[in-house]
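This report refers to the structure that appears directly beneath it.
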Amino acid sequence: MVYQLRRWPGIKRIARDGPLTPTTQDSYRKMLGSLYLPSGTWLHLAPAGLKLAVLALSSTALMWVHSPLLLLLTCLLVCLLVRCAGASLQQVWRQLRPLVWLLLTLGALSAWSQGVLQALEMVLRLFTLVLAALVVSMTTPLTQMMQVVVWLLGPFERLGWVDAEKVALGFGLTLRLIPELGVQWQDIREAQLARGLTPSPLTMGVPMLLRTLRRADEIAEAIDARG
Amino acid sequence: MLIEFKNVSVERERRLVLTDLCLVLSEQRIGVIGPNGSGKSSLVRLINGLLLPQTGQVCVNGLDTGKDVAAVRRQVGFVFQNPDNQIVFPMVHEDIEFGLKHREPDPKRRVLRAQAALERLGVGHLTERSVHTLSGGERQLVALAAVLATEPEILVFDEPTTQLDLRLRNRFEAHLAGLPQPALVVSHDLALMHQMDRVLVIDQGQLAFDGVPTEALAWYQAHCA
Amino acid sequence: MKTKDIVLIALFTALIVVLSLLPPIPLPLIPVPLTLQTFGVMLAGLILGPARAGLVLLLYVMIALLGLPVLPGGRAGLAVLAGPTAGFLLGMIPGAFVTGWLSVLSIQNDKSKEVSSSYDTFRPTPVWQIARYVLAAVIGGIVLVYAIGIPWLVFVTKMDFAKACWAMAVFVPGDVLKAIVAAVVAQRIRRLNMV
């Protein structure tokens, strides 16, 4: 019923700084990789619904734990789970890096205003929560996640509010269009640079949207034609 | 096959695009040529109900496009000019299986049918590929495979070779010759018209010439070049 | 829900993803480099209207939670919900809805004015329309998002509310600028009546 959205081959991180070099442009033409790390550990074999439920419950519970020692123990436990999932330090770091700066800043602010103990508690809790969620993401392929989504949408479908086919189409179409729109952005940017304009969201917004909307008509036509 | 246009007029954005068209199509290969804006795209979109006539009626194998659009679309396979707009899912096999959704309830058979359609066009190895890693020609073949997998009775091509280089264009011509279903081809590629049984020249919303390829092309060269 | 609606929703979701992944733009006078994520959210709201824009953001958040790196900086997964800024992300869903609703409201007002007045037909000049869109974008894309994001931040980090507000205030000028640009772009697009 729902189309199997499998993990795309190839992961390329899109550069965040500096001018858009040819390699960055190339990245837009490559696929977005997902967080999933294919492996055969017990965590991978556990059913997705169970993992998500445990995550939700434990995350909520953790919000009420105040002892730094207990938080530290939980944190270490989750780190152990990360190792069980088979992730390398490099992979985990790549995911955590954007968060670390934020955590450090928040920790410093909190330490200054509320005391070191409070700050420590907050940083540990956040770190644990993030790692736990990472474990689930790394051990659950997209298809299984989608199945959980379908299951959650079940009651709504019975009410007639939601059409699973349309949801699947929406997902598939979005994923299909992300690299295409990325290329389109690059093309418009290049065209403007060639004309001596400085590309900015203001100058690029209208042409980007015009092309997008025109495509919408054509794509809708093609879908309707298929019946 | 039998496609009938009975006194068909089509208006688009308050402009009369086709006026009082009467036509009966039953040949195996039909070509449609004409200048830009002449109404040929509108003409073919009438066939599978993407456009509905303001006056008159379009009948495909006895089915009225105004009344039984779903049934008509099951019979007519439409291949668009730009495969990027036609391929909807990120993976090749997903897209073809999507097209088969209603026609093949059994998921396993759907997978087999999709694979078979790709292999018939010589692109069976692309099943597990992401669409956007494919070249333009490969995408066109995937789009064609998606349409052929649904086993339509009639095929309609809207400017199929405009985006193809010479080698791909020649390959398309070969594929076209080998298709068992009757096919209607709208094209600017006049060389394609030589394998047609009948060529229609549409100019300014009217059927300007209707006949064998050589005569139609000569007329077209004389009047519209 | 027509096919074209689904296609528009998918297109705008993909657009927000592309905008989110572009490198942040540093601007003079603005303390933090801007990501274009909120810009995309505002555009979706102003152009698609409340229902479709809400669905766009819902789809975007779901894709992010499923593990695809579609958030600025390439972040992804359920881990995002655990992070302190999750409130801002989730707040965008109602934010886009409200922006859409307010943008549609302003058009309805103009229509009624056009019909009722007989001597001076009130035709909304572009500047007037843009101003309304800016307001819609600010209320939905900034006020509502921060109204959800800051309390979430406070709850998760146990930070002082005032301090959290000051910390986030640094993003506001950039967001207002995005709202203005989004309004200008949206006004030009909506005038063409393609949606």
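Note that region B:1-125 shows a convex hull volume over its alpha carbon atoms of 142 Å³ per residue. For the peptides A:203-214, A:177-188, C:67-78, the ranking by packing is C:67-78, A:177-188, A:203-214, with the highest mean count of neighbouring Cβ atoms within 10 Å listed first. For the residues of A:136-144, the average number of beta carbons from a partner chain within 10 Å of their own beta carbon is 3.
To test your reading of the geometry: what angle, between 0 and 90 degrees and rounded to tens, separates the Cα axis of helix C:126-137 from the longest principal axis of chain C? It is inclined by approximately 30 degrees. Dipole of region B:158-225 computed with +1 at Lys/Arg Cβ and -1 at Asp/Glu Cβ about the Cα centre; of B:Q163, B:V212, B:H188, farthest Cα towards the positive end is B:Q163. About the centre of its Cα atoms, chain B shows a dipole size close to 360 debye [charges on the beta carbon of Lys, Arg (+1) and Asp, Glu (-1) only; nearest 20 debye].
Considering only A:L175, A:L202, A:A132, and ranking their Cα positions along the charge dipole of region A:130-208 that arises from unit charges at the beta-carbon of Lys, Arg, Asp and Glu, the one farthest toward the positive end is A:L202.
The chymotrypsin sites (Phe, Trp or Tyr not before Pro) of region A:118-180 meeting both criteria, a DSSP state outside H, G, I, E and B (loop) and at most 13 other C-beta atoms within 10 angstrom of the site's C-beta, are A:W161.
Note on region B:51-96: along the principal axes its Cα atoms extend 40, 18, 13 Å, ordered by decreasing extent. Cβ-Cβ distance of B:L190 and A:V162, R₀ of 51 Å, FRET efficiency by 1/(1 + (r/R0)^6): the value works out to about 0.55. Taking the Cα centre of the protein assembly as shown as the origin, how large is its charge dipole in debye, to the nearest 20, when only Lys and Arg (+1) and Asp and Glu (-1) carry charge on their Cβ atoms? It works out to roughly 1640 debye. Per-residue 3J(HN,Hα) values for region C:11-23, derived from phi via the Karplus relation 6.51 cos²θ - 1.76 cosθ + 1.60 with θ = phi - 60°, read 4, 5, 4, 4, 4, 4, 4, 4, 5, 5, 8, 5, x Hz in sequence order (x marks Gly and Pro).
Build a GNM of chain C with springs between Cα atoms under 10 Å apart, and of C:T125, C:T13, C:T99 the one that fluctuates most is C:T125.
Relative to the dominant Cα principal axis of chain B, helix B:136-149 is inclined by about 90°. Relative to the longest principal axis of the Cα atoms of chain C, helix C:86-116 runs at roughly 10 degrees.
Measuring nothing but how far apart in sequence close Cα pairs (under 8 Å, 6+ apart) lie, relative to its length, region A:37-140 scores a relative contact order of 48 percent. Across peptide B:175-187, the average count of Cβ atoms from other chains found within 10 Å of a residue's Cβ is 0.
Taken along the Cα-to-beta-carbon direction at a fixed 7 Å, the label points for B:Q181 and B:S26 span 2.1 nm. For region A:143-160, backbone phi angles converted through the Karplus equation (6.51, -1.76, 1.60; θ = phi - 60°) give residue-by-residue couplings of 4, 5, 4, 4, 5, 5, 4, 4, 4, 5, 6, x, x, 5, 5, 5, 6, x Hz, Gly and Pro being listed as x. A simple spin-label model places pseudo-atoms 7 Å from Cα toward Cβ; at B:R167 and A:L89 they are separated by 4.9 nm. Its Cα centre serving as origin, region C:3-191 has a Cβ charge dipole (Lys and Arg +1, Asp and Glu -1) of approximately 200 debye. Partner aspartates and glutamates whose Cα lies under 20 Å from the Cα of C:K163, excluding those fewer than 8 positions away in the same chain, are identified as A:E121, C:D175. Taking each of B:K6/B:K101; C:K158/C:K178; A:K166/B:K108; B:K67/C:K4; C:K4/C:K178; B:K6/B:K67 in turn, the alpha-carbon distance tops 23 angstrom for B:K6/B:K101; C:K158/C:K178; C:K4/C:K178.
Would you order B:S130, B:S135, C:S103, A:S113 from fewest to most other beta-carbon atoms within 10 Å of each residue's own beta-carbon?
Starting with the residue having the fewest Cβ neighbours, the order is B:S135, A:S113, B:S130, C:S103.
Taking the helices alone, the protein assembly as shown has a mean residue ellipticity at 222 nm of -19500 deg cm²/dmol, built from -39,500 (n - 2.57) per DSSP H run of at least 4 residues and averaged over all its residues. Taking every DSSP bridge with both residues inside the protein assembly as shown, close to 60 percent are antiparallel.
Contact order for region B:98-225, expressed relative to its length and based on alpha carbon pairs under 8 Å spaced 6+ residues apart, stands at 17 percent. Residue-normalised convex hull volume from the C-alpha trace of the protein assembly as shown: 190 Å³ per residue. When both region B:94-125 and region B:2-77 are represented by their alpha-carbon centers, they are found 29 Å apart.
The Rg/Rh ratio of region C:3-191, with Rg taken over Cα atoms and Rh as the Kirkwood radius over Cα pairs, comes to 1.01. When you filter the GluC sites (Glu not before Pro) in region B:1-94 for DSSP loop state and at most 11 other Cβ atoms inside 10 Å of their Cβ, you are left with B:E13. As a proxy for reagent exposure, C:F12, B:F98 were ordered by neighbouring Cβ count within 10 angstrom, fewest first; the result is B:F98, C:F12. Using Cα pairs closer than 8 Å and at least 6 residues apart in sequence, work out the relative contact order for chain B, in percent. Relative contact order, chain B: 27 percent.
Put simply, the Cα atoms of region B:3-224 extend 48, 40, 31 Å along their principal axes, the longest span coming first.
Just tell me how shielded A:122-131 is by partners: mean number of partner chain Cβ atoms within 10 Å of each residue's Cβ, no decimals.
3
Read-outs: derived from the displayed coordinates by stated rules, not from any lab. Worth saying up front: this structure is predicted, and the values here are computed from it rather than measured. Don't worry about glycine lacking a Cβ; one is built from the backbone with ideal geometry, like all the others, and counts go over all protein chains shown.
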